[in-house]
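The block underneath contains the structure these notes are about, expressed in structure tokens.
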Amino acid sequence: MSATRYAYLGPEGTFTEVALRTLPEAATRELVPMLSVPAALDAVRSGEAAAALVPIENSVEGGITATLDELAGGDPLMIYREVLLSITFALLVRPGTKLSDIKTVTAHPAAQPQVRKWMAEHLPGALWESAASNADGARLVQEGRYDAAFAGEFAAATYGLEPLVTEIHDAANAQTRFVLVGRPARPSAPTGADKTSVVIWLADDHPGALLELLQEFAVRGVNLMLIQSRPTGEGIGNYCFAVDAEGHIADRRVGEALMGLKRISPKVRFLGSYPRAGVSPEEVRPLRAGTSDAAFTEASDWLARSQDGRI
């Protein structure tokens, strides 16, 4: 396995590349662009890359389905850290293009909900077509296949384009969350400000099936940060759920919640416990009474004493 290579959703000039370059270790790695999320993750599975950075969630539309589905299926992978990046778009065009000249635009599908209102106001007659990434959309504009692309302003120089309009976003303070994914190994030690990601399958479709899964977290005081249903591909009504929970698998409340899920779910895939981006331990909400590691230890000791007649 190449320990010096990191893959990312490319080509050059994507927001994913910008996010990857915020990691200190990126300065000592060979950064390899891939044309899709599956290709980036398959590079890790095959050993072509030690890790891959891919988008997994944005604050406008929620989870990135291509990433969630890839992590739920195929050979297991693990998330080791996350990166948050503020997102704003520029409309990139070939030199000399005016707004009135634009009949076709392109970008990654996740960009469309973030620029839809702007486009309706300023380019109401333009035809949208999706690209593999925002930077790939810029490349297609360079080749003359589209009139304009929504991408990061920083991509303009790479593809010989001009930013006709900048600071485009329908939602202020929009962010995208990226995750660094590698092959399975022991998670890093808890930091006090961690997140645990899993995918959970329903045993069968019956009233309260999802509630039964959620109760495993709720009764142990584990807060959920994301839950998104995804079809399993096994027919209508068959779903799995991608879940992000506060805490680390080494925390008793989280570990016992996962054990509870494993007892009632036919399949649970652990995707990793890792530090939360931009959050310090001091900013984490206080634990609910009775859900600290000390409380779980005290309860376990009480049970052992009771079993031994030491009451």
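The values are calculated or read from the model by the stated rules, or taken from the named source; none is laboratory data. Since the model is a prediction, treat every value here as computed from it, not as a measurement. Positions of Cβ are generated from backbone atoms using ideal geometry, with glycine treated the same way; all protein chains shown enter the neighbour counts. Ligands, DNA and RNA are excluded from the accessible area calculation, which covers all protein heavy atoms including side chains. Shrake-Rupley method; radii C 1.70, N 1.55, O 1.52, S 1.80 Å.
Computed quantities for the displayed model
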item: Rounded to the nearest 20 debye, dipole of the stretch 141-275 from Cβ charges on Lys, Arg, Asp, Glu; result: 820 debye
item: Per-peptide average of other Cβ atoms within 10 Å, ordering 219-227, 57-65 highest first; result: 57-65, 219-227
item: Placed amide H near Leu271: partners under 5 Å, 5+ positions off or other chain; result: Ser197, Val198, Val199
item: At most 12 other Cβ within 10 Å, DSSP loop - GluC sites (Glu not before Pro), the stretch 102-208; result: Glu143
item: Length-normalised contact order for the chain - Cα pairs under 8 Å, 6+ apart - percent; result: 20 percent
item: The stretch 27-184 - charge dipole about Cα centre, Lys and Arg +1 at Cβ, Asp and Glu -1, debye rounded to 20; result: 120 debye
item: Distance between the stretch 52-131 and the stretch 149-166 - C-alpha centres, whole angstrom; result: 14 Å
item: 27 Å Cα-Cα reach of Lys103 towards lysines, excluding residues that sit fewer than 8 places from it in its own chain; result: Lys117
item: Dipole axis of the chain (+1 Lys, Arg; -1 Asp, Glu on Cβ), positive-most option in Cys240, Thr16, Leu140; result: Cys240
item: Qualifying aspartates and glutamates (Cα of each under 13 Å from Cα of Lys98; at least 8 residues distant if same chain); result: Asp147, Glu162
item: Charge dipole of the stretch 246-311 about the Cα centre (unit charges at C-beta), most positive-ward option of Ser292, Pro281, Ala257; result: Ala257
item: Cα centre as origin, Lys/Arg/Asp/Glu Cβ charges: the chain dipole, Debye; result: 420 debye
item: Accessible area expressed per residue, the chain, with surrounding protein chains retained (probe 1.4 Å, Å²); result: 48 Å²
item: Under 24 Å from Lys267, Cα to Cα: lysines that are on another chain or at least 8 residues apart; result: Lys195
item: FRET E, pair Ser36, Lys98, Förster distance 30 Å, beta-carbon r, rounded to 0.05; result: 0.35
item: Potential extension, Ser306-Arg116 segment - 0.36 nm per residue separation minus Cα distance; result: 62.1 nm
item: Charge dipole of the stretch 55-112 about the Cα centre (unit charges at C-beta), most positive-ward option of Ile87, Thr106, Leu68; result: Thr106
item: Carbon and sulfur %, accessible surface of the chain computed with the full protein complex present, 1.4 Å; result: 52 percent
